[in-house]
1. When the stretch A:216-240 is examined, which residues are found to be part of a helix (DSSP H, G or I) and not aliphatic (A, V, I, L, M)?
2. Looking at A:50, A:17, which one is touching a residue at least 40 places away in the same chain (Cβ under 8 Å) and of a type in the set (A, V, I, L, M)?
3. Out of the stretch B:64-108, which residues are among the β-branched types (Val, Ile, Thr) and over 23 Å from the mean Cα position of the chain (by Cα)?
4. When you look at residue B:148, is it assigned to a helix (DSSP H, G or I), within 13 Å of chain A (Cβ to nearest Cβ) and hydrophobic (A, V, I, L, M, F, W, C), yes or no?
5. I want to confirm something. Restricting to the stretch A:107-124 and keeping residues that are of a type outside the set (D, E, K, R) and over 26 Å from the mean Cα position of the chain (by Cα), which single residue is farthest from residue A:82 (Cα to Cα)?
6. Taking residue A:26 as the residue in question, decide whether it is farther than 30 Å from residue B:168 by Cβ, within 16 Å of ligand 1 (Cβ to nearest atom), assigned to a strand (DSSP E or B) and at pLDDT below 95.
7. Taking the condition assigned by TED's automatic domain parsing to the domain that holds residue A:168, touching a Phe, Trp or Tyr at 6+ places or on another chain (Cβ under 6 Å), in a strand (DSSP E or B) and under 24 Å from residue B:150 (Cα atoms), does residue A:20 pass?
8. Limited to the stretch A:86-98, what total is found for residues that are within 17 Å of residue B:171 (Cβ to Cβ), more than 7 Å from chain B (Cβ to nearest Cβ) and surrounded by 23 or more Cβ atoms within 10 Å (Cβ to Cβ)?
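The values are calculated or read from the model by the stated rules, or taken from the named source; none is laboratory data. Treat the numbers as computed from the prediction; the structure is a model and nothing was measured. When we count neighbours, we look across all protein chains shown, and the Cβ atoms used for this are built from the backbone with ideal geometry, even at glycine.
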Amino acid sequence: MLKIDKLNLKFKANGFIKNLFNDFDLSVDKGEFICILGPSGCGKSSFLNILAGFEKNYTGSVLLNGEKILKPDIKRAIVFQDYALFPWLNVIENVSFGLKNRISNHQERFMQAIRYLELVDLVEHSRARIHEISGGMQQRVAIARALAVQPEILLLDEPLGALDDWSRRNLQNELIKIWTELKQTILFVTHSVDEALLLASRIVVMNVNSEKVLDIQLKTEHPRKIDHPESVKIRLLIKDVLNQKLKKNTQENAAQSSSGDNIFDPSI
Amino acid sequence: MTEQSGKSSQTRVIFLLSLLLLWYVICKLEIYPNYLLPSPAMVLNTLKRGFLDGAYFPALFQSSKRVLIGYLTAVVIGSLLGLAISRFKQLSNTVGESLTALQSIPSVAWVPLALLWFGISESAVLFIVILEAFIPCSLGVQNAIKNIPPKLILAGRSLGCESFDLYKRIIIPAILPQLISSLRLSWAFAWRALIAGELFINGSGLGQTLELGRSLSDMSEVIAMMLIIAVIGYVADNILFRKLEESTNHYS
Ligand SMILES: Nc1ncnc2c1ncn2[C@@H]1O[C@H](COP(=O)(O)OP(=O)(O)OP(=O)(O)O)[C@@H](O)[C@H]1O
Ligand SMILES: [Mg+2]
């Protein structure tokens, strides 16, 4: 369904031209729940931005159902860490925002929005203003808003990163529910290995050089236990890969900086 | 409303009354002669006469008309320019920069040029009002657009808003509270510029009446006009615009 081939993103930073994703490949099937893990700065947000259509200066091919992704479209809905709800609209107006061009009747639009508010358990708050509800609820509104346009793929960029433990657990369960009920294809960026193990049907791990270093299918049914043998095994594998890379990097850095010291340190 | 706001309006009334009392006492003590500082009673008389004779009404009408025309024109020009400057980088580097410089010129400094270009006429006043009032509006719009969280724009775009829709459904609503604040500021500038301009032209108006009072050494008239100017300014700013600001605030 989603096919990414030889992806590269060049940009200028401090006068240097940098390249992200050195020929990154990924193909996503309909109904997958993919969690993307990787160290900070490896390009996870940039990757989602490309898929959302915000960043079109990439090279390589990024196709959704054979169609090249070059601009935003409601076929690809995105949810950000900081919710990005519209504060001048109330909850249900936020959720029905993306339906404006698709459903002309106001009443029908709200009916559709209500369905998605039900899905995230927020119907009784449908008339609340955004600042009147908690962060966890705001993120549920944002998810409902993204789902309401019935996107082919749902992109989530660390959506639970700003929430307290309790809300996070709640929302993880909501996401599992959404995925099982709607068969929604989901691309989910997270920092937490445990979160990925809890949610994903497939985990993709990137390294600092934004290369794909791990790509694993998870077989265990939801809801999952964190100490399920498969989870334990994969957690070890991921930690291993991340640590190895980290170690290798620190070694490289150490080697570089020590040689640097030899040359530049005036005390020698 | 609440007990608190009742209390604060009480203190406000007491404060105004004490000011009045102070004025009254100073006059009673005859520290300054009457022609320099008329007493509250004299000013009140002047006001009463002005309104009962109907002499103030044409002045009020003319001034209101002028300021409304000037203000509305300024707001339209200012908002559109603000939007345009935010949209096009070239404009922002050129026009945008010079607006700030332009803003530091007080309205009276434009009077000589305005009189030369437009004659001692209504147009001269309008010119000054528009020139004064469009700048805060334009700067306010630019600033408000700069302050929109970029994620809101991205969210809007991915939910199907592009170009015109993006302005209608995201940018304008997002800047509305700040837009109202700049409209308020623009109003204050327009009102001052109006009075400053009117001092120099003929015909009827609050500024002209004040200037007439000056030339006749009738300080009661001058103070009466100043009071009217202050009251209108206050009502517009603190009642009208404040209500508007409150009703458009996203978080109330
Ligand atoms: N258009 C751009 N211009 C300049 N730098 C960019 C651009 N796009 C990406 N970058 C850089 O690419 C790197 C990857 O950024 P990105 O935000 O995608 O990382 P991330 O994996 O999401 O990190 P985090 O986990 O901290 O959110 C960063 O160093 C960022 O500064
Ligand atoms: Mg990120």
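1. So in the stretch A:216-240, the residues part of a helix (DSSP H, G or I) come out as A:229-240.
Hits for the stretch A:216-240 are A:229, A:230, A:231, A:233, A:235, A:239, A:240.
2. A:50
3. Listed by number, the residues that qualify are B:85, B:94, B:95.
4. no
5. Restricting to residues being of a type outside the set (D, E, K, R) and over 26 Å from the mean Cα position of the chain (by Cα), the top hit is A:107.
6. Details: farther than 30 Å from residue B:168 by Cβ: yes; within 16 Å of ligand 1 (Cβ to nearest atom): yes; assigned to a strand (DSSP E or B): yes; at pLDDT below 95: no.
Criteria not met by residue A:26.
7. In short, no.
8. Count: 1.
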